[in-house]
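Derivation of every value follows stated rules applied to the coordinates shown; laboratory data play no part. Keep in mind that what you see is a predicted model, and the values were worked out from it rather than measured. Here the Cβ is made from the backbone with ideal geometry for all residues, glycine too, and neighbour counts use every protein chain on show.
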Amino acid sequence: MSKVLIIGAGGVGGVVAHKAAMEKVAFSEVMLASRRIAPVQKLAAEIEQMHGRKIQTAQVDADDVPALTKLLKEYQPKVVINVALPYQDLHIMDACLAANVDYLDTANYEPLDVAKFEYSWQWAYQERFAKAGRMALLGSGFDPGVTNVFCAYVQKHLLDEVHYVDIVDCNGGSHGKAFATNFNPEINIREITARGRFWENGEWKETDPLSVSKMFDYPGVGERKSFLLYHEELESLAKNLKGLKRIRFWMTFGEAYLKHLEVMNNIGITRIDEVEFEGKKIVPIKFLRALLPDPASLAENYTGKTSIGCLCEGIKDGKKKRFFIYNICDHAETYKEVRAQAVSYTTGVPAVTGAVMMVTGKWKGAGVFNMEQMDPDPFLEDVGKRGLPWHVEER
Ligand code: NDP
């Protein structure tokens, strides 16, 4: 029985708080903390009403390391689930080390002033976590997260050598808005407008943003045009999968979404540097975020499904084989269960599963770990039962 502290009360934080509260065996107590107290209290009331469990609440700015350390020392959780924004990762890791607590997140660190994300900053904590005997689990969402574990499962059970991996991510749902992002708009737009990148024969290859596409037939959704993007799990998988020759990431976007994005880029409202406006300095993308719908607010009328998986090709017993391993998730079903849309749900459920793996000791270690470094079997068994069933097809 262990206490868990969740930081962040947005779309993903809401799912994590609901599902953690529903997990009455592994988590003896649940606390939800975030920068503003109002969303935290709203979620706590909703959780008590829906699942009959009282969770504790706190207000904390996770960038204030001494304040967060104080909260962790007082509450003494076994693990912190960080579902605030990537900008907070290093501060939360610092506080976890100071308070001797395990750490988990769903997105790698990204500096505020450069639209660049990579694991180097967090991998640099390896020695400090190892020395402290604490565990930091990185990227326990869906992608990164379940996709890494899918690859580890294929490597463990289905192929002797994994040569080619294509991670394919489709949101085939509709929220009925002209333009909205399914998770934090600032992080989402920074990711999509970045240059594409994939790994082949030991080196990284770059492409212009959204310049490479292909059709892919997604189970539960159908054929959709998918665009090559850089995504963070490529970095750790390229390092940890043995015998890999190429790994790429693809995501679907509708015509209307791409048209809006193009216009916003052209007029400069996705800029991340400061501009002078009526005597004040503003960052255009932050202003845009304030105008766009809050991702959590899309949930109520969302219809359709997400379909995300890994197409893995390699060798088994000397023969070439290809497997597709995937999950389909229905927006309306997730709304019924935890008042969230499927993009938040597919991120929040693996975060809770990762934390359960850590508090039960099914996954343990001292240091900083990516998901594929752990045994895939207990995680996949749990995540399926917790709401994300998965399937394997030979193709
Ligand atoms: P939201 O913007 O909806 O929520 C972020 C939450 O973090 C808000 O409650 C926000 O509070 C809080 N927060 C921000 N700054 C601080 C701070 N300094 N201290 C404390 N709390 C803070 O984002 P999402 O829920 O959509 O996304 C959460 C995370 O999940 C992101 O890191 C995102 O990249 C990741 N993600 C991962 C995916 C995966 O599959 N691996 C997929 C989708 C998302 P406030 O409202 O006051 O600003």
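The distance from the alpha carbon centre of the stretch 102-169 to that of the stretch 221-274 is 17 Å, rounded to a whole number.
Taking a ≥ b ≥ c as the square roots of the eigenvalues of the Cα gyration tensor, the chain is classed as rounded, since a/c falls below 1.5. Between the beta carbons of Ala124 and Ala98, assuming R0 = 22 Å, the FRET efficiency works out to 0.85 to the nearest 0.05. Straight-line cross-link reach from Lys73 at under 17 Å between alpha-carbon atoms covers these lysines, not counting any fewer than eight positions away in the same chain: Lys3. Beta bridges per DSSP, both residues in the chain: antiparallel share near 60 percent. Reducing the stretch 11-32 and the stretch 304-333 to their Cα centroids gives an inter-centroid distance of 28 Å.
Charge dipole (Cα centre; +1 on Lys/Arg Cβ, -1 on Asp/Glu Cβ; no other charges) of the chain amounts to roughly 520 debye. Candidate cross-link partners of Lys116 among the lysines, defined by an alpha-carbon separation under 20 Å and a same-chain spacing of 8 or more, comprise Lys205, Lys239, Lys286. Pairs exceeding 26 Å between alpha-carbon atoms, taken from Lys70/Lys385; Lys54/Lys305; Lys131/Lys364: Lys70/Lys385; Lys54/Lys305. Amide H to amide H distances under 5 Å link Gly172 with Lys305, Thr306, Ser307, where only residues 5 or more positions off or on other chains count and H is placed in the peptide plane. Positive contributions from Lys and Arg (+1) and negative ones from Asp and Glu (-1), summed over other residues with Cβ under 12 Å from the Cβ of Cys310, come out at -4.
Multiplying the residue separation of Asp61 and Leu288 by 0.36 nm and subtracting their alpha-carbon distance yields 79.5 nm. Taken one residue at a time, the phi angles of the stretch 180-185 give Karplus couplings (6.51, -1.76, 1.60, θ = phi - 60°) of 7, 10, 8, 9, 2, x Hz. Gly and Pro are set to x.
Take each peptide in 160-167, 208-215, count the other Cβ atoms within 10 Å of every residue, and average; sorted highest first, the result is 160-167, 208-215.
For the stretch 266-283, 3J(HN,Hα) computed residue by residue from phi via the Karplus equation (6.51, -1.76, 1.60; θ = phi - 60°) reads 4, 8, x, 7, 9, 4, 10, 9, 6, 10, 7, 9, 6, x, 10, 9, 10, 9 Hz, glycine and proline entered as x.
Straight-line cross-link reach from Lys259 at under 19 Å between alpha-carbon atoms covers these aspartates and glutamates, not counting any fewer than eight positions away in the same chain: Glu186, Glu191, Asp208.
For a modelled paramagnetic label at Glu393, 7 Å from Cα along Cα-to-Cβ, the residues of the stretch 222-250 in reach, with backbone nitrogen under 19 Å, are 222-227, 250. Quotient of the Cα radius of gyration of the stretch 146-337 and 2.2 N^0.38 Å, N being its number of residues: 1.15. A simple charge model with +1 on the Cβ of Lys and Arg, -1 on the Cβ of Asp and Glu and nothing else charged puts the dipole of the stretch 186-242 at about 100 debye relative to its Cα centre. Peptides 369-378, 69-78 ranked from most to least packed by the mean count of surrounding Cβ atoms within 10 Å: 369-378, 69-78.
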